[in-house]
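J.: Dropping a structure here in structure tokens format, bear with me for questions.
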Amino acid sequence: MDLEQFKTWVHKEFGIDLFAYKSNQLHRRILSLMSRVGAKDIDEYVKLLKSDYGQRQKFLDFITINVTEFFRNPELFKELQKEIEIYSKEKNINLKIWSAACSIGAEPYSLAMILDNLKNKNKHSILATDIDNTILERAKAAEYVISELKNVDKIYLDKYFKKIDDKYTIDTGIKNMVTFKKHDLILDDYEKNFDLIVCRNVVIYFNQDVKDKIYEKFSDSLKKGGLLFVGATESIYNYKDYGFEKASTFIYRKQ
Ligand SMILES: C[S@@+](CC[C@H](N)C(=O)[O-])C[C@H]1O[C@@H](n2cnc3c(N)ncnc32)[C@H](O)[C@@H]1O
């Protein structure tokens with residue numbers, strides 16, 4: 001089996017579309033993982049993946065890369081907070097927000113804290129999705145260690161977290177604002193009518209065609225005037241092609 005055939009096999013076996021990923025980077029990473037687990041060629045690695053649950057999990061974790069933290073790039077979150085405050089004051093509605101590729105929940109819970117501090121106390125909701133079921137279970141448990149909370153303001157830390165031993169658990173009110181669901185950005189349909197979509201540090205792994213489709217679908221899923229917040233290395237240069245205008249470097253507004 002060669003790498004292209006391996007990708008077809010992975011699609012059948014795991015339902016993950018590796019053709020969507022930037023190929024040079026992905027191939028390098030797969031070969032390095034194979035050598036780390038001691039597989040001498042792809043056939044041997046496939047045998048391992050067929051028979052060993054631990055290896056399957058390791059492979060999925062490796063492909064999906066779920067590094068995250070609360071208020072990742074805090075200065076950008078401050079900008080987002082300002083935009084949300086203006087938007088919610090103007091509209092005065094229940095905001096519908098989507099944190100796409102949410103990993104262990106740090107991102108949607110950061111958003112929930114921002115919403116909870118808005119003057120407009122409507123019933124805001126956050127849909128938080130990820131392709132990885134294991135990570136979603138961690139997100140629902142909402143338990144974190146202090147290193148994951150380094151950007152959380154002291155006021156928020158005191159207000160929204162309870163410390164038990166060395167674990168910090170999130171306040172139930174914040175938890176209840178977020179609904180977690182499995183969703184694949186490449187293969188699944190997108191819900192509509194969002195006021196804000198936050199999708200950060202995942203499209204960077206995808207090739208340009210796939211990125212194009214994702215941004216088109218995000219644009220379709222947003223209300224007119226709704227916002228898209230992307231990662232700190234993910235500026236969209238051709239934002240106009242998807243019907244966006246720039247609200248700030250990493251925030252786009254659907255026109
Ligand atoms: C680096 S984390 C980013 C987490 C968070 N958005 C942030 O910026 O801190 C990338 C996440 O994307 C998820 N992911 C990877 N491929 C995906 C796909 N096709 N659809 C949905 N989520 C995906 C991974 O499981 C992982 O949790």
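J.: Can you find, within region 130-176, the residue that is surrounded by the fewest Cβ atoms within 10 Å (Cβ to Cβ) among those that are hydroxyl-bearing (Ser, Thr, Tyr) and under 26 Å from residue 60 (Cα atoms)?
T.: In this case the residue turns out to be 147.
J.: Additional query: Collect the residues in region 192-216 that are buried (at least 18 other Cβ atoms within 10 Å of the Cβ) and either in a loop (DSSP other than H, G, I, E, B) or in contact with a Gly (Cβ under 7 Å, 6 or more places away or on another chain) (or both), keeping them in residue-number order.
T.: Residues satisfying the conditions are 194, 195, 196, 200, 201, 202.
J.: Among the numbered criteria (1) more than 21 Å from residue 157 (Cα to Cα); (2) at pLDDT 95 or above, which one does residue 78 miss?
T.: (1)
J.: Right, next: I'd like to know if region 143-152 contains one or more residues that are within 13 Å of the ligand (Cβ to nearest atom) and of a type in the set (A, V, I, L, M, F, W, C).
T.: no
J.: Still on this structure, please answer the following. Please count how many residues of region 200-248 are within 16 Å of the ligand (Cβ to nearest atom) and either touching a helix residue (DSSP H, G or I) at 6+ places or on another chain (Cβ under 6 Å) or at negative phi (or both).
T.: Count: 29.
J.: Among the numbered criteria (1) loosely packed, with under 13 Cβ neighbours inside 10 Å; (2) modelled with pLDDT under 95, which one does residue 189 miss?
T.: Only one criterion in (1) loosely packed, with under 13 Cβ neighbours inside 10 Å; (2) modelled with pLDDT under 95 is unmet by residue 189, namely (2).
J.: Residue 74 - would you say it is in contact (Cβ under 8 Å) with a residue 60 or more places away in the chain and within 16 Å of the chain's Cα centre (by Cα)?
T.: When the stated conditions are applied, residue 74 does not pass them.
J.: Just one of (1) small (Gly, Ala, Ser); (2) under 17 Å from residue 100 (Cβ atoms); (3) not in a helix (DSSP H, G or I) trips up residue 219, so point out which.
T.: Of everything listed in (1) small (Gly, Ala, Ser); (2) under 17 Å from residue 100 (Cβ atoms); (3) not in a helix (DSSP H, G or I), residue 219 misses just condition (3).
J.: Okay, next question. Out of region 9-46, which residues are of a type in the set (Gly, Ala, Ser) and either assigned to a helix (DSSP H, G or I) or more than 26 Å from the chain's Cα centre (by Cα) (or both)?
T.: 20, 23, 32, 35, 38, 39
J.: For region 131-152, check the following and say yes or no: at least one residue is under 23 Å from residue 222 (Cα atoms) and at pLDDT 95 or above.
T.: Checking region 131-152: not a single residue is under 23 Å from residue 222 (Cα atoms) and at pLDDT 95 or above.
J.: Further, regarding this structure: What are the residues in region 89-115 that are more than 16 Å from the ligand (Cβ to nearest atom), modelled with pLDDT of 95 or more and part of a helix (DSSP H, G or I), if any?
T.: 115, the sole residue that qualifies.
J.: Given (1) within 15 Å of the ligand (Cβ to nearest atom); (2) free of Cβ contacts under 8 Å to residues at least 24 places away in the same chain, identify the lone condition not met by residue 176.
T.: It is condition (1) that residue 176 fails.
J.: Quick one: is residue 69 in a loop (DSSP other than H, G, I, E, B), farther than 17 Å from residue 115 by Cβ and within 16 Å of the ligand (Cβ to nearest atom)?
T.: yes
J.: Continuing with the same structure: So if I check each of 77, 6, which one is under 27 Å from residue 161 (Cα atoms) and surrounded by 16 or more Cβ atoms within 10 Å (Cβ to Cβ)?
T.: On inspection, the qualifying residue turns out to be 77.
The values are calculated or read from the model by the stated rules, or taken from the named source; none is laboratory data. Computed from a prediction, not measured in an experiment: that's the story for all the values here. Neighbour counts run over all protein chains shown; Cβ positions are idealised from the backbone, glycine included.
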